[in-house]
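Participant: Shown below is the structure under consideration.
The values are calculated or read from the model by the stated rules, or taken from the named source; none is laboratory data. Computed from a predicted structure; not experimentally measured. Here the Cβ is made from the backbone with ideal geometry for all residues, glycine too, and neighbour counts use every protein chain on show. Heads up: the accessible areas ignore ligands, DNA and RNA and are worked out on the full protein's heavy atoms, side chains in. Shrake-Rupley method; radii C 1.70, N 1.55, O 1.52, S 1.80 Å.
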Amino acid sequence: MSTNLLFRIVGSIFLFCCIGKCFSQSYNFEEISKDVTSFNNVGKYDATIILLEEVITNEKATAYEKYQAYFLKYITYKRLFSYDKAEANLDLAFQEGLKSDQDREQIKAKVKLERLFVAFDQLKYDEVTDILDDITAQDLRYISPNTHSFYLAVLAVMETRAMNFSKAIEYLDEGIILLKKHKQEDLPLMYRKRIDIYRQMNQYDKALESFDQGLYYAKKYKMDIYILNMYYDLAYFYNQIEDYDNAIITQEICNLLSKQYDERTIIGRLNVLEKKLHNQRIASEKREDLLSISLLVVISLLVIAILYLLYKYTLKTKQRKETLKLKNDELRASIMSLLSKSNQQPHNDPTLQLTERQSEIVRLVKEGKTNKEIGDKIHISENTVKYHLKNIYKVLSVNSREEL
C-alpha cells in the first residue's frame, strides 16, 4: 500500500467524521407543535413523547430546539395533571432556553407565565400572588394571545376570591374574545370559570348557559379532557346549590367519562415509555462510543502504518544519497585524474589564446547573458562588449555567440 493511498484513506475518514459532527438537522417546530396538539387531542400521548424525545436526544439539535421540545413535553404533562413531571420539563426547557441567544427575553416571560399557571392549577394562591406581582407589561408583550387569555383567567379567579365578581367576568369575557379569534379549542377553560362565578352571583341560568357553551366547544374539537372537566364543574355546581338529584346524575356521567379518560393510567404508560426510551438512549450511546473507539483504533493503525512507510522511505532516501555521493566522488576523482594527465601534455586549445577579459566574456555569454548584462557585470559599455566578441570570434574561428 503506497503512502499517498494511506493519506487519502485517513483524510477521507477524517472528513467523514467532521461532516457527521458538523451537519445539523433543522426541525420545523411549527409542524411539530401541530403534530403534538393533534396527538394529545386524540389521546396519543405516546406518539407525542416519542416525537419530542427524538429532538431532545439528538446531539445535533440546537439549545433553542431542545427548549421547544421540553416546553411541549411540559404542556403535555400539565394537560394530564402530572405537575411534578410538568415542572421538571419546564425547568429543563428554561435551562436550554437560557443557553440559546434566540428570543431569551421571550423565553423568560413565557416560563414565568407557565410557572404562574402551574401554581394556579395546584391552588397555591400565595405563590400565584407572588408571581403576579412579578409579571410586567413587558412580559405580556412576549406571550401569545391564548397564553394571555389563560393569564386573564387567573386574574378572574383571583378577583373572584376577592369577591369582585363583575371584574372577574370582565377578565373572562376578554379572554373569550381572544380565544374565539385565536384558539377556540381552549374556550371551555373560560366557560368553566364562569360557571362558578355565576353560581356565587346566584345567576344560575347564566351558569348553566356557560356550561352549555363550554361543552359545545369541547365536543366540537373532541377535547375529552375538557368534556370531563365541564361535567365535573357542573356536578360541583349542583352540589353547591343543593340540587342533589342533578348532582348525582352528573356525577354518574363523570364516572363514565373518567373510565374512558384515566390520566393515571396514561401517566403510568408514559413513565414506562420514557424509561424505555432512556434505556434505548443509553444503549445507543454505548454503540456510538464503541464505534468511536473502533474508528480511533483504525485511524491509529493507519497512522502507525504511514509512519512506518515514512521511516522506510527516509531510510531508502538516505541510502540513495550515500550511494550517489560515492559515485560523485569516484567521478570527481576520474575527472581530476584526466585533467592531471591533460595538463602534462602540450595544448593547442585556441581558448588559451584569449585574454583574461575575453575569457570572462565567453563565460558570461555561455551563461546566457546579453551584451548589456555583460557590460553591466564587468563595468564596460555594450559597444566594448561587441568589440571584444568580434575579436573572440576571430580567435576561436566561430561566427556567432551560439557557437561559443
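Participant: What are the residue pairs meeting all of these: first residue in region 277-296, first residue touching a residue at least 12 places away in the same chain (Cβ under 8 Å), second residue assigned to a helix (DSSP H, G or I) and open to solvent by less than 60 Å² (accessible area, probe 1.4 Å), Cβ atoms under 9 Å, and 6 or more apart or on different chains?
Facilitator: Between residues of region 277-296 that are touching a residue at least 12 places away in the same chain (Cβ under 8 Å) and residues that are assigned to a helix (DSSP H, G or I) and open to solvent by less than 60 Å² (accessible area, probe 1.4 Å), the close pairs are LEU277/ILE49; LEU277/GLU53; ARG281/GLU53; LEU295/ILE13; LEU295/CYS17.
Participant: Still on this model: Any residue in region 159-171 that's closer than 15 Å to TYR191 by Cβ: show its pairings with residues that are surrounded by 15 or more Cβ atoms within 10 Å (Cβ to Cβ) and not polar (S, T, N, Q) at Cβ separation under 6 Å, as long as the two are six or more apart or on different chains.
Facilitator: From residues that are closer than 15 Å to TYR191 by Cβ, the pairs are THR160/ALA168; THR160/ILE197; ALA168/ALA156; ALA168/GLU159; ALA168/ILE197; TYR171/LEU152; TYR171/LEU155; TYR171/ALA156.
Participant: In region 356-372, what residues are in a helix (DSSP H, G or I), open to solvent by 90 Å² or more (accessible area, probe 1.4 Å) and among the acidic types (Asp, Glu)?
Facilitator: GLU356
Participant: Filtering region 89-127 down to residues that are out of contact with any Phe, Trp or Tyr (no Cβ under 8 Å at 6 or more places or on another chain) and more than 21 Å from ASP139 (Cα to Cα), which residue is least open to solvent (accessible area, probe 1.4 Å)?
Facilitator: Ranking the qualifying residues of region 89-127, first place goes to LYS124.
Participant: In addition: When you look at CYS17, is it of a type outside the set (Phe, Trp, Tyr), modelled with pLDDT under 90 and in contact with a helix residue (DSSP H, G or I) (Cβ under 8 Å, 6 or more places away or on another chain), yes or no? Step through it out loud before you land on a result.
Facilitator: Working: of a type outside the set (Phe, Trp, Tyr): yes; modelled with pLDDT under 90: yes; in contact with a helix residue (DSSP H, G or I) (Cβ under 8 Å, 6 or more places away or on another chain): yes.
In short, yes.
Participant: To continue, here is another question. Being more than 36 Å from the chain's Cα centre (by Cα) and open to solvent by less than 100 Å² (accessible area, probe 1.4 Å) is the filter here; which residues of region 295-318 pass it?
Facilitator: Answer for region 295-318, where residues must be more than 36 Å from the chain's Cα centre (by Cα) and open to solvent by less than 100 Å² (accessible area, probe 1.4 Å): ALA305, LEU309, LEU310, LYS312, THR314, LEU315, THR317.
Participant: How about region 160-169: which of its residues are within 19 Å of ASP233 (Cα to Cα) and surrounded by fewer than 21 Cβ atoms within 10 Å (Cβ to Cβ)?
Facilitator: THR160, ARG161, PHE165, ILE169
Participant: Still on this structure, I have one more. Test each condition in (1) more than 50 Å from the chain's Cα centre (by Cα); (2) modelled with pLDDT of 95 or more; (3) surrounded by fewer than 19 Cβ atoms within 10 Å (Cβ to Cβ); (4) in a helix (DSSP H, G or I) for TYR198 and report the one that comes out false.
Facilitator: It is condition (3) that TYR198 fails.
Participant: Another question, if that's okay. Filter region 35-49 down to residues that are of a type in the set (D, E, K, R) and over 24 Å from the mean Cα position of the chain (by Cα) and give me whichever is nearest to LEU277 (Cα to Cα).
Facilitator: Going through the qualifying residues, I end up with ASP46.
Participant: Looking only at region 201-220, which residues are more than 44 Å from the chain's Cα centre (by Cα) and either touching a residue at least 40 places away in the same chain (Cβ under 8 Å) or surrounded by fewer than 20 Cβ atoms within 10 Å (Cβ to Cβ) (or both)? Can you show your working first?
Facilitator: First, the residues of region 201-220 that are more than 44 Å from the chain's Cα centre (by Cα): 201-213.
Those that are more than 44 Å from the chain's Cα centre (by Cα) and either touching a residue at least 40 places away in the same chain (Cβ under 8 Å) or surrounded by fewer than 20 Cβ atoms within 10 Å (Cβ to Cβ) (or both): MET201, ASN202, GLN203, TYR204, ASP205, LYS206, LEU208, GLU209, ASP212, GLN213.
Participant: Name the residues in region 82-134 that are of a type in the set (Gly, Ala, Ser) and outside any helix (DSSP H, G or I), would you? Walk me through it before giving the result.
Facilitator: Of all residues in region 82-134, those of a type in the set (Gly, Ala, Ser) come to 82, 86, 88, 93, 97, 100, 109, 119.
Passing the criteria: SER82, SER100.
Participant: Could I ask something else about it? Is it the case that TYR67 is in contact (Cβ under 8 Å) with a residue 40 or more places away in the chain and touching a helix residue (DSSP H, G or I) at 6+ places or on another chain (Cβ under 8 Å)? Let's see the steps before the verdict.
Facilitator: Values: in contact (Cβ under 8 Å) with a residue 40 or more places away in the chain: yes; touching a helix residue (DSSP H, G or I) at 6+ places or on another chain (Cβ under 8 Å): yes.
So TYR67 fits the description; yes.
Participant: Condition first: under 33 Å from the mean Cα position of the chain (by Cα), of a type outside the set (Val, Ile, Thr) and more than 13 Å from GLU87 (Cβ to Cβ). Now tell me which residues in region 105-133 satisfy that.
Facilitator: Residues satisfying the conditions are GLU105, GLN106, LYS108, ALA109, LYS110, LYS112, LEU113.
Participant: On to the next question. Does LEU172 qualify as being open to solvent by less than 40 Å² (accessible area, probe 1.4 Å) and in contact with a helix residue (DSSP H, G or I) (Cβ under 7 Å, 6 or more places away or on another chain)?
Facilitator: Details: open to solvent by less than 40 Å² (accessible area, probe 1.4 Å): yes; in contact with a helix residue (DSSP H, G or I) (Cβ under 7 Å, 6 or more places away or on another chain): yes.
Considered against the rule, which asks whether it is open to solvent by less than 40 Å² (accessible area, probe 1.4 Å) and in contact with a helix residue (DSSP H, G or I) (Cβ under 7 Å, 6 or more places away or on another chain), LEU172 comes out as yes.
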